[in-house]
Structure formats: structure tokens, C-alpha cells
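Remarks on the structure that follows.
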Amino acid sequence: ATISLATCTTCMAFSLASIPVVLITHTITSVAFPAFSSTPVKGDIKRYFIKSVYLNSLLIIPVLAGGIVLAENLVVVLLANKWLPITGILQILLVYAFFRGMNNIFSFLVMSVNKLDVMKRAFFLEFMILLILLFPTVRYFGILGVAVVVLLARFMSTIISFNICKNLFSYTLK
């Protein structure tokens, strides 16, 4: 019964944390992907990339930060008091949602130039971190620890994805 309650709790927290990513990032990528795909000039793709990352960050960071601060209230209003135990998990997964959104932008950019095979490294690393750390984390730290491991894996994947895009399009941080 404990495992199924933990699973249900995690699914509910993940669903709530995914709402901003689905609404904001997928809207941006649905517009950006055709722009990336139809642009043959590397400089134009770089410009679209920077604008997409900036727009995504500009829209999603305030929403996620608000969600983190108001997580307990959101849980009570949207779900009811009995779901209050997901508050900590929700806060961690809202941070995860930011990196998920960034990875979506990076993936669409790389896919638009038909180089998706290079993204395998990022996703493989994420999978390996999860594979290695998931079971010990569940045993010793519970579901909250799992949320932290999922966040860590996605963070590492996002760093690698960004570096892939940076190298692919000769982007330098200023």
C-alpha cells in the first residue's frame, strides 16, 4: 500500500509540475521548430535559439517560482488537504520542470538540423543516473529523495544538451 501511495503522490506532483512546461514550452517549440527547420543559415538558427531560450526563461521562471512559493496553497486549492504531503515533491519537480523545458528547446533545435543522434549522450546520461541511483534512493530517502535524483539527472542532461547546442551552433556565453 505504501508503494502505491508513493506512486500516486509522485504522479500527482509530476502532473502539476508539468502544466507550465506543457503550456509554455510546447507552445514556444511549436512555433520555433518550423522556424529552426526552415532556416538554412547557421546565424539565423543561433538567433532563433537565443530568442527561444530567452522567451522560455522569461515566461516559465516566474510561473515556476510562484509555484514553488505557493506550492502548499496550490495543493490545497487544486487537490485538497489530503494531498499536502506532495508539497515538497511538487517544489522539487517544479525546478525539474524548468530543466525539462530547456531540454525541449534544445532537442527541437538539434532535431531541426537533423542531428538528433548527438542528443543521445544527454539522454543516456540521464538514464544512467536514474538507473544507478533510483533504487538506493528509494530505500534510504524515500520518494522525496527520488524527486531529487530525477532533478539531478535532468539537470545533468540539460547541461550536456546545452553544450551540444553551443558546439553545434558556435554559441558563446557573454
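Going through Gly101, Gly66 one at a time, which residue ends up being assigned to a helix (DSSP H, G or I), open to solvent by less than 50 Å² (accessible area, probe 1.4 Å) and free of Cβ contacts under 8 Å to residues at least 60 places away in the same chain? Step through it out loud before you land on a result.
Details: Gly101 fails: free of Cβ contacts under 8 Å to residues at least 60 places away in the same chain.
Matching residue, one of Gly101, Gly66: Gly66.
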Would you call Leu94 within 19 Å of Ile24 (Cβ to Cβ) and either touching a Pro at 6+ places or on another chain (Cβ under 6 Å) or assigned to a helix (DSSP H, G or I) (or both)? yes
Among the residues of segment 25-56, what is the count of those that are open to solvent by less than 30 Å² (accessible area, probe 1.4 Å) and at pLDDT 75 or above? 5
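Being among the β-branched types (Val, Ile, Thr) and closer than 25 Å to Phe141 by Cα is the filter here, so list the residues in segment 77-92 that pass it.
Filtering segment 77-92 for residues among the β-branched types (Val, Ile, Thr) gives 77, 86-87, 89, 92.
Scanning segment 77-92 gives Ile86, Thr87, Ile89, Ile92.
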Report yes if Ile61 is under 15 Å from the mean Cα position of the chain (by Cα) and either closer than 12 Å to Ala13 by Cα or open to solvent by less than 20 Å² (accessible area, probe 1.4 Å) (or both), otherwise no. no
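So for segment 128-138 (the condition being more than 21 Å from Thr87 (Cβ to Cβ), touching a residue at least 24 places away in the same chain (Cβ under 8 Å), of a type outside the set (Phe, Trp, Tyr) and in contact with a helix residue (DSSP H, G or I) (Cβ under 6 Å, 6 or more places away or on another chain)), does at least one residue qualify?
Keep residues of segment 128-138 that are more than 21 Å from Thr87 (Cβ to Cβ), which gives 128-136.
Filter once more, so that each one left must be touching a residue at least 24 places away in the same chain (Cβ under 8 Å): 129.
Narrowing further to those that are of a type outside the set (Phe, Trp, Tyr): 129.
Checking the rest, the ones that are also in contact with a helix residue (DSSP H, G or I) (Cβ under 6 Å, 6 or more places away or on another chain) come to 129.
The answer is yes; a qualifying residue exists.
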Those residues of segment 77-97 which are modelled with pLDDT under 90 and either open to solvent by 50 Å² or more (accessible area, probe 1.4 Å) or charged (D, E, K, R) (or both) amount to Val77, Leu78, Asn81, Lys82, Leu84, Pro85
Residue list for segment 116-174, filter: hydroxyl-bearing (Ser, Thr, Tyr), open to solvent by 60 Å² or more (accessible area, probe 1.4 Å) and not in a helix (DSSP H, G or I): Ser170, Thr172
Does Met111 satisfy the criteria of being open to solvent by less than 40 Å² (accessible area, probe 1.4 Å) and either over 22 Å from His26 (Cβ atoms) or assigned to a helix (DSSP H, G or I) (or both)? no
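The values are calculated or read from the model by the stated rules, or taken from the named source; none is laboratory data. What you are looking at is a predicted structure, and each value in this text was computed from that prediction instead of being measured. Ideal geometry is used to build each Cβ from the backbone, glycine not excepted, and the neighbour counts take in all protein chains shown. Ligands, DNA and RNA are stripped out before the accessible areas are found, and what is left, the full protein with its side chains, is counted by its heavy atoms. Shrake-Rupley method; radii C 1.70, N 1.55, O 1.52, S 1.80 Å.
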